[in-house]
């Protein structure tokens, strides 16, 4: 049961990704061909490979991570805080920094990673990008040989499914139906590519990513019947 988990053993996270290059035409010729093959099923005849390239960020082979935001609970007596920070910059370095966090502070069996749709997106994406950069996987992302109950990952969308594998609920929808106050976001996921490449505004993306981490934590609190975080309890570090 969720109530049995200690909140300070959980690391909540969210990533933002974009296509690895600003445009299809800036890809090497071989990568263009590979993208055409990879995206053929999804785009069908509606889009050319170049027109569909704006969506390349959702595939780890053709995208890159531009930030990883994390949040964790800290307790001092009866005082609860939720601390949020973000790794950003050159991808290989931010992945190394994230790995260092896992290895130094979230490396024990009791520690769990939590994200919304994390099992389908965030966790495998981070692992794939680490391997692409030649970075060895930290224990919390190396799932080879682990039994299902040994995988140290929680997924708020999976928890909401209650075994229904056909069901998909966005983080925004879950927050709405669970009565969680909506953060004042000025963008959505489909805008990340343009904000990054066209507006060159990484800070705006980081703010959006951190708000999603807070919302994921709020959803988790509601799922286990706890009081929601107040604004005073949320600390940027």
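Read the figures in this text as sums done on the coordinates, not as results from a lab. Treat the numbers as computed from the prediction; the structure is a model and nothing was measured. Here Cβ is always computed from backbone atoms with ideal geometry, including for glycine, and neighbour counts include all displayed protein chains.
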Check: Where the centre of each part is set by its Cα atoms, how far does region 12-33 sit from region 87-149, in angstrom?
Finding: 20 Å
Next item on the list: For a quick protection proxy, order the peptides 105-116, 133-144 by their average other-Cβ count within 10 Å, most packed first.
Entry: 105-116, 133-144
Checklist line | 222 nm mean residue ellipticity, helices alone, for the chain (DSSP H n ≥ 4; -39,500 (n - 2.57); rounded to 500) | finding: -11000 deg cm²/dmol
Next item on the list: Taking the chain as the reference, fit the longest principal axis to its C-alpha atoms, fit the long axis of helix 202-223 to the helix C-alpha atoms, and give the angle between the two in degrees, 0 to 90, nearest 10.
Entry: 40 degrees
Margin query: Taking 0.36 nm per residue of sequence separation and subtracting the Cα-Cα distance, how much length would be gained by fully extending the chain between residue 187 and residue 170, in nm to one decimal?
Written below: 4.6 nm
Checklist line | Cα-only Debye scattering, region 21-61: base-10 log of I(q)/I(0) at q = 0.15, 0.16, 0.22, 0.23 Å⁻¹ | finding: -0.29, -0.33, -0.64, -0.70
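If R₀ is 25 angstrom, what is the calculated FRET efficiency for the pair residue 224 and residue 74, using the beta carbon separation as r and rounding to 0.05? Mind showing how you got there, number by number?
Numbers: r = 18 Å, r/R0 = 0.71.
E between residue 224 and residue 74, to the nearest 0.05, is 0.90.
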Item checked: Per residue Cα convex hull volume in Å³ - calculated over region 73-122 -> 119 Å³
Next item on the list: Pull up the DSSP beta bridges for the chain and report the antiparallel fraction as a percent, rounded to 5.
Entry: 65 percent
Notebook entry, point to check: What order do you get for 221-231, 148-158 when each peptide is scored by the mean count of other beta carbon atoms within 10 Å, highest first?
Noted result: 148-158, 221-231
